[in-house]
Amino acid sequence: MKFLHLSILLFLPSFAFAQSTQPTTRIAHFPHMEVDLDKHEIRIECQSLNPQMPLEFFCVSNGGSEHESVLRTPARPMHIHTALLMLGAKPGESMKYDESQKRWLPPHGDPIDIFVQTTQPNGRPLRVPAVAWMRGVKDHKPPKSFQWVFAGSRIMPDGTYAADTTGYIATTVNFEFSLIDVPKLASSANETLEYEFNPDTVPPKGTPVTMILRLAHPAQPDAASPKHP
């Protein structure tokens, strides 16, 4: 993956660190997102969707497969990849067929926690795990646990970042060019899709939402900070 690291760095946008009155505050700004290096999290501007189809995605780029996703975002997948590298996350690989073993191998990479944050009527923020906005197609219950991994998508032969083209940011089933995927083999066949959006928790379509990404196991955690928000 060294080539991918170097390739991503070549595409790095110009960004600035915001220094507040607190000398330890380090926040890098990208279009529609920011990386808080002290809190070990990435905050991404999104909007909620109310898809009527079973889920294949949790978040896609604007104009992507919005009919099968909980969120959409104007942020570029390549910038999100770069932000995860800044937090110390190591990308793995998307699903692939191993010819020597004659079988498909599941995605792998550093585990990622995803949260969603909205503003309550009283003006206070409300942050919950992303799985609270999903539920089973059959039992209508939120998943008891759900894990994502930093698969990392890939740089294509023409030099483009694949996820920038597909819009696949965070998926609930496997896709070859996913940025963040699930660490198991999960087919996108309609009859096997397990989840749908939870109408009891997801706000109306178009509601501003902040999606928060954190390393499930930070590379260099701050002992004074809790693991989860």
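Could you state, as a whole-number percent, how many of the C-alpha pairs of the range 49-139 are farther apart than 16 Å?
70
Round to a whole number: what % of the accessible area of the range 77-229 belongs to carbon and sulfur, probe 1.4 Å?
53
Which percentage, to the nearest 5, of the DSSP beta bridges contained in the range 90-229 is antiparallel? It would help to have the intermediate numbers written out before the result.
Working: 23 of 24 bridges.
Antiparallel bridges make up about 95 percent of those DSSP assigns within the range 90-229.
Could you list log10 I(q)/I(0) for the range 145-196 at q = 0.17, 0.25, 0.29 Å⁻¹, which the Debye formula gives when each Cα is one point scatterer?
Log10 of I(q)/I(0), two decimals: -0.53, -0.94, -1.12.
Cβ neighbours within 10 Å, averaged per peptide: list 169-179, 105-115, 147-157, 188-198 in order, most packed at the top.
Details: 169-179: 25.1, 105-115: 19.5, 147-157: 21.5, 188-198: 14.8.
The most tightly packed comes first, giving 169-179, 147-157, 105-115, 188-198.
Probe of 1.4 angstrom, ligands and nucleic acids ignored: what's the accessible area per residue over the range 159-199, in square angstrom? Present the calculation step by step, with values, prior to reporting the outcome.
On the way: 1550 Å² over 41 residues.
For the range 159-199, the per-residue accessible area is 38 Å².
So how long is each side of the range 116-218 along the principal axes, counting just the alpha-carbon atoms, biggest first, in Å?
50, 32, 30
At 7 Å along Cα-to-Cβ for each site, give me the label-to-label distance between Asp158 and Thr119 in nm.
Result: 4.0 nm between the two label points.
With the crude spin-label approximation of a point 7 Å out along Cα→Cβ, what separation in nm comes out for Lys96 versus Thr192?
2.0
For the range 135-190, what relative contact order do you get, as a whole percent, if you take Cα pairs closer than 8 Å and at least 6 residues apart? The partial results should precede the final answer.
Working: 81 pairs, mean separation 16.5, N = 56.
Computed over the range 135-190, the figure is 29 percent.
What order do you get for 55-63, 76-84 when each peptide is scored by the mean count of other beta carbon atoms within 10 Å, highest first?
Listed from highest to lowest mean packing, they are 76-84, 55-63.
The values are calculated or read from the model by the stated rules, or taken from the named source; none is laboratory data. Because the structure is a prediction, the values reported are computed rather than measured. For neighbour counting, all protein chains shown are included, and Cβ atoms are generated from backbone atoms with ideal geometry for every residue, glycine included. Heads up: the accessible areas ignore ligands, DNA and RNA and are worked out on the full protein's heavy atoms, side chains in. Shrake-Rupley method; radii C 1.70, N 1.55, O 1.52, S 1.80 Å.
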